[in-house]
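Encoded as structure tokens, the structure appears first; notes follow it.
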Amino acid sequence: MNKLEKLISNELRNSFYTLKIEPKNQENIINYLKRIGTKDINILKHSFRVGKLGIKISNLLDINPNKLFYSGLLHDIGKTKIDKNIIKRSNKYKTFTKEDMQIMKMHPLYSYEILKNEYNYSALLSLWHHEHQKDEYPPKENFPIEAQNLPIYKQKEIEEISKFLSVADCYDAAKNRNNGRFWNRKSTSQEVERIMFEEREHSEKLIENLYRNGIFK
Ligand SMILES: [Fe+2]
Ligand SMILES: [Fe+2]
């Protein structure tokens, strides 16, 4: 087992066990994560954290934890299709350009394409994970046609559950990654909290709930 495989299996062993993930799915997920890790180790670590946050959020809200675990781990898999230099630049202040951002904004569509046949539910959540923010993307009219024409009940569910994924994603990015404001240092807890309410203004009640219950700290 190489270093990357070891990291992945160490990170996931407990969650796989607790959630009783079948061996076939374990193997699939590990293969997807290897693709992410080969591209960029920061995205891989972010994916682990969002997956684990997803389990905690699900337990609090009493929803099936597999949905947010799978989609937390795989939501950014689309970034594996983006040029390595752009990914590299996204980690550095000043070198990441507006043009890079336009390309980066394609990643939810790529995630959907990669996942749709095997994990359709996670594919849809991934497609939606940047839809709940001020500067939302991609435009819904650019969604693949089948994702635009879901039955209403399913559309509503995806919208709701992807909001949970979106706040977990935003929280982790604000806390652990460059977030466009403090590129040279990590944000303080207070700054993270402010970013959460500003960036996910439509999820105010949910964010309050997650802070009240100690999931966000
Ligand atoms: Fe993303
Ligand atoms: Fe993300």
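Having 1 or more residues that are of a type in the set (Val, Ile, Thr) is the bar; report the helices (runs of 4 or more DSSP H) wholly within the range 1-75 that clear it.
On the way: elements: 3-18, 23-39, 41-61, 65-74.
Helices (runs of 4 or more DSSP H) meeting the threshold: 3-18, 23-39, 41-61.
Within the range 81-106, track down each residue that is of a type in the set (A, V, I, L, M, F, W, C) and within 14 Å of ligand 1 (Cβ to nearest atom).
Ile82, Ile86, Ile87, Met101, Ile103, Met104, Met106
Per-residue answers, yes or no, for (1) touching a Gly at 6+ places or on another chain (Cβ under 9 Å); (2) within 16 Å of ligand 2 (Cβ to nearest atom); (3) of a type outside the set (Gly, Ala, Ser):
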site: Arg89; (1), (2), (3): no, no, yes
site: Thr97; (1), (2), (3): no, no, yes
site: Leu109; (1), (2), (3): yes, yes, yes
site: Glu113; (1), (2), (3): yes, no, yes
site: Trp128; (1), (2), (3): no, yes, yes
site: Asp135; (1), (2), (3): no, yes, yes
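Which fully enclosed helices (runs of 4 or more DSSP H) of the range 107-217 have 3 or more residues being away from ligand 1 (no atom under 16 Å from the Cβ)?
The qualifying helices (runs of 4 or more DSSP H) are 145-148, 152-176, 189-199, 204-212.
Which of the residues that make up the range 34-52 are within 15 Å of ligand 1 (Cβ to nearest atom) and surrounded by 18 or more Cβ atoms within 10 Å (Cβ to Cβ)? Reasoning before the result, please.
Applying the first criterion (within 15 Å of ligand 1 (Cβ to nearest atom)) to the range 34-52 yields 36, 39-40, 42-51.
Correct list: Ile36, Lys39, Asp40, Ile43, Leu44, His46, Ser47, Phe48, Arg49, Val50, Gly51.
In the range 193-210, what residues are crowded, with 17+ Cβ neighbours inside 10 Å and without any contact (Cβ under 8 Å) to a residue 24 or more places away in the chain?
Glu193
Do we find that Ala174 is surrounded by 19 or more Cβ atoms within 10 Å (Cβ to Cβ) and modelled with pLDDT under 95 in this structure?
Details: surrounded by 19 or more Cβ atoms within 10 Å (Cβ to Cβ): yes; modelled with pLDDT under 95: yes.
Yes.
The values are calculated or read from the model by the stated rules, or taken from the named source; none is laboratory data. Bear in mind the structure is a predicted one, so any value in this text is a computation, not a measurement. Neighbour counts are summed over all protein chains in view; Cβ atoms, including those assigned to glycine, are modelled from backbone coordinates with ideal geometry.
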